1. How many of the residues in segment 276-304 are surrounded by fewer than 20 Cβ atoms within 10 Å (Cβ to Cβ) and of a type in the set (A, V, I, L, M)?
2. So the check is Cβ under 6 Å with 6+ separation or different chains; which pairs have a first residue in segment 349-375 that's more than 17 Å from residue 275 (Cβ to Cβ) and assigned by TED's automatic domain parsing to the domain that holds residue 277 and a second one that's assigned to a loop (DSSP other than H, G, I, E, B) and of a type in the set (Lys, Arg)?
3. Of these, 203, 209, 140, which one is assigned by TED's automatic domain parsing to the domain that holds residue 128, in contact with an Asp or Glu (Cβ under 8 Å, 6 or more places away or on another chain) and of a type outside the set (D, E, K, R)?
4. Check segment 216-227 and report whether any residue there is within 25 Å of the chain's Cα centre (by Cα), modelled with pLDDT under 95 and farther than 23 Å from residue 358 by Cβ.
5. Quick one: residue 373 ticks every box in (1) touching a strand residue (DSSP E or B) at 6+ places or on another chain (Cβ under 8 Å); (2) surrounded by fewer than 21 Cβ atoms within 10 Å (Cβ to Cβ); (3) in a helix (DSSP H, G or I) except a single one, so which number is it?
6. Which of the following residues is more than 30 Å from residue 77 (Cβ to Cβ) and surrounded by 15 or more Cβ atoms within 10 Å (Cβ to Cβ): 272, 332?
7. Could you give me the residue pairs with C-beta distances under 6 Å whose first residue belongs to segment 182-207 and is in contact (Cβ under 8 Å) with a residue 40 or more places away in the chain and more than 19 Å from residue 222 (Cα to Cα), whose second residue is buried (at least 19 other Cβ atoms within 10 Å of the Cβ) and among the aromatic types (Phe, Trp, Tyr) wherever it lies, and which are 6+ apart or on separate chains?
8. Considering only residues that are of a type in the set (Ser, Thr, Tyr) and surrounded by fewer than 23 Cβ atoms within 10 Å (Cβ to Cβ), look in segment 55-95 and name the one that is farthest from residue 129 (Cα to Cα).
Amino acid sequence: MVLRRRFAISASAVVAAAALLAGCGSSSGSSSGSAGSSGQSSSSGPVKIGVDLTYNNTAFWSAYINYQNQYAKQLHVKLLGPLLSAASASLQNQQVEELVNEGAKAIIVNPETATSLGPAISYAAARHVKLISVDTIVGVGKVYMVVRASNLLYGLDACAYISSLAKSGYVLELEGDLTSSNGADRANAFNACMAANDPGVKVLKDPTVWTDATAVTDAQNAVNAYGSKLKAIYSAWSSPDTGIIPLLKSKGLTGKVAVVSDDGVPFEMCDISRGLTNASQSQPANLYAYWALKYAMDAAQGVVLKAGQPGGGAPALQTVSYQGDQNLADPIVAPFVTKTAMTLKVKPVDGLPGTVTTTPVSNAQLWGNVYGKAHGGVCNAAASAG
């Protein structure tokens, strides 16, 4: 399957994002990517949709909640929550049960881990309530839909950018937690793409388990060991950038060592604009919120969806597997952000596309820019909190 990269894949998602940015409170209309939900309420009032998240204290999840609240008004949804489990799997299972008992017709949940929701899934299923998992593959039972960016494309995009610059020397890969589907997908796609497209480059694969201090120390070690032979750093998440950028500046390597990271938080938008980093995958808080609600509406109304049907954030719904369990997913095609728009070509690997079209950092619809504007600008410390 060839995916054409652009910010919003479906027309309805573009309309929804535009309506949000314009402060429009009207419904975004019917979904072209979701097979059945019309967004209309029943005669008994708004549809009750439960929400249980892990955190709300990061820029991403704060933005997600804001988008979700606004889209809920457009779609005539009554939100129950969000409840916050604060890294407690047992509490999250208990909270999902509470949402079921409160009358939620479907529940959106950001699972603590891919395998922590078993009791909640069983409890909800016994009462004919389905779950929509946001940002995490589920490997312990059946959910209605997994709404998650294609993390394979994260790795491919980083490779496409780095391989266009470096043909020799070393590239440092700061891996996330490889036991997580997100971390593993990013690393696997990046490594496969680099092997196919940049065989003259030695990839230094450093496991970090999402630990910022480990990532920054690994970057320092690589800079000290290889100096100007280090051509790029790919970090599977954004927060190590705050230590890597000063490190490169202190060594006179700013602009000489490419930096690519993942998240799309406001400070990444700032750093790309200033030429301090080169690219970032923007995990789309707005599309997560919109499509999670649309699929929750479908679940509540008994709509049956299948792999191969049009997706909301991806060209087609797909079946994803984790630890033997299979679930339906909408693997959203997330924006890959660079200073100016670019088209990059790579040898395709693992069924991924061979063309990557980037989104310019000036694009006002990028969630990091929206959040930054609301907090004094993307370079403002208030926008970078979390």
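The values are calculated or read from the model by the stated rules, or taken from the named source; none is laboratory data. Not measured: the values here are computed from a predicted model. For neighbour counting, all protein chains shown are included, and Cβ atoms are generated from backbone atoms with ideal geometry for every residue, glycine included.
1. Qualifying residue count, segment 276-304: 3.
2. 356/5; 357/5
3. Selected residue: 140, the only one of 203, 209, 140 that is assigned by TED's automatic domain parsing to the domain that holds residue 128, in contact with an Asp or Glu (Cβ under 8 Å, 6 or more places away or on another chain) and of a type outside the set (D, E, K, R).
4. For segment 216-227, residues within 25 Å of the chain's Cα centre (by Cα), modelled with pLDDT under 95 and farther than 23 Å from residue 358 by Cβ: absent.
5. The failed condition is (1).
6. So the residue among 272, 332 that is more than 30 Å from residue 77 (Cβ to Cβ) and surrounded by 15 or more Cβ atoms within 10 Å (Cβ to Cβ) is 272.
7. Between residues of segment 182-207 that are in contact (Cβ under 8 Å) with a residue 40 or more places away in the chain and more than 19 Å from residue 222 (Cα to Cα) and residues that are buried (at least 19 other Cβ atoms within 10 Å of the Cβ) and among the aromatic types (Phe, Trp, Tyr), the close pairs are 186/154.
8. Per the criteria, the residue is 58.
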